[in-house]
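Here is the structure we will look at.
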Amino acid sequence: MSVLVTGGAGYIGSHMVLELLEAGENVVVLDNLSTGFWWAVPSSVTLVKGDMGDEALVLKTITDHDVTSIIHFAAKIVVPESVADPLGYYLNNTAKTRQLLECAVKGGVKNFIFSSTAAVYGDVSSEPVAEDNELTPVSPYGRSKLMTEWMLQDTAFAHGLNYVILRYFNVAGADPKGRVGQSTPNATHLIKVACQAALGDRSSLDIFGNDYPTPDGTCLRDYIHVCDLAKAHMDALSYLRAGGKSDVFNCGYGIGLSVQEIVNVVKKVSKVDFKVNLSPRRPGDPAAIVAKADKIRDILGWKPEYNHVEGIVQDAFAWEKHLKTRNDV
Ligand code: UDP
């Protein structure tokens, strides 16, 4: 019996693989290495290089490795890029996941855990958002993920697949042991970009908009450590294996931090007063997205261990420093 991790060479997937190995699971990774890295997959794990839209390859992988559970990370994840290239997002995140689901059904896979996103909620108020909130995504990225949620729910109903959908809030940080981290060149996510500015890899950081209806005018987000997120998937897997009912869970801490607050923490942790510019709003950005976070704790028994922003930034900063010493990234 194995767990198939799509996108297991990527940022979150590679942390998941380490978590699964530590739990003694057999793991197989499917990744087309478009944004992932071969070195992020431990040598003890089979890395199938290929596309989740390749039905023959996916079915062979499911059969060869006796895959009973799939944890599906492979996706494009950059909101502004999705605004510029919606069809690329609908192809990759929606259409190819349809292929993957078809293979899961044909291959008799029992459990499917899907990486969804808080972007499915859209432009919510500054109140924490619960799972049963209205779903009105404002970006093609959010819509591509919401369509996939629906597809998964319909497929599960028709074919007896069990699922957990995890809606991630803002994932950040890195493995505290320094084995893997966010390594994508030209990354756009705030904490990584701010760490790069602190290390002098960028001349400055742009704050995209300070005229939002939030306490300091900059956007509020709920930042969650990538290791706590990987742990949430382990909890979801145990839950499904124990016969838990298919369901949707927010994955965040329920703490809203502003862009300005994050910038301050990165300056404090790095001890560098890097240059910050005030820039216009970025298309597709909601003012605030903070999780109502009790359901996942109550039902999956998830207990975050890294829910302190300074620790998240410390791990992200340490990884960014480490990346500068490598020549394979
Ligand atoms: N942000 C920013 N400057 C940057 C990158 C991001 O001001 O260089 C802001 C962005 O507008 C948003 C927040 O930081 O309000 C989080 O953005 P990120 O891209 O990290 O994640 P998202 O919430 O878009 O998934």
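Every read-out reported here was derived from the displayed coordinates using simple, explicitly stated rules and does not represent laboratory data. Quick caveat, the model's predicted, so the values are computed rather than measured. Heads up, the Cβs are rebuilt from the backbone with ideal geometry, glycines too, and the neighbour counts pull from every protein chain shown.
Some points to look at:
- Candidate cross-link partners of Lys267 among the lysines, defined by an alpha-carbon separation under 24 Å and a same-chain spacing of 8 or more, comprise Lys177, Lys192, Lys275, Lys321, Lys324.
- Simple label model, 7 Å out from Cα along Cβ direction - Asp123 to Lys60, nm: 4.8 nm
- Percent of Cα-Cα distances greater than 26 Å, calculated over the chain: 44 percent
- The chain: angle of helix 259-270 to the longest principal axis, Cα-based, in degrees nearest 10: 80 degrees
- Three-way shape call for the range 176-224 based on the alpha-carbon gyration tensor, with the a/c threshold at 1.5: oblate
- The chain - percent relative contact order, Cα under 8 Å, separation 6 or more: 19 percent
- Put simply, the range 226-329 fits an ellipsoid with semi-axes of 31, 19, 13 Å; these come from the alpha carbon gyration tensor as the roots of five times its eigenvalues, largest first.
- For a straight C-alpha distance cut-off of 22 angstrom, the lysines reachable from Lys106 (same-chain residues fewer than eight places away being disregarded) are Lys49, Lys60, Lys96, Lys245.
- Take the Cα of Lys271, step 7 Å toward its Cβ, do the same at Phe157, and the gap between the two points is 5.8 nm.
- For the range 116-160: rounded, prolate or oblate by the Cα gyration tensor [a/c cutoff 1.5]: oblate
- Per-residue extension of 0.36 nm, minus the Cα-Cα distance of Leu199 and Arg297, leaves a gain of 31.6 nm for this segment.
- On Cα atoms only, tilt of 11-22 relative to the major axis of the chain in degrees: 60 degrees
- Electrostatic dipole magnitude of the chain [Cβ: Lys, Arg +1; Asp, Glu -1; Cα centre; debye, to 20]: 520 debye
- Shape category assigned to the range 114-188 from the gyration tensor of Cα positions, a/c cut at 1.5: oblate
- Listed residue (Pro185, Ser238, Tyr253) projecting farthest to the positive dipole end of the range 183-329, Cβ model: Pro185
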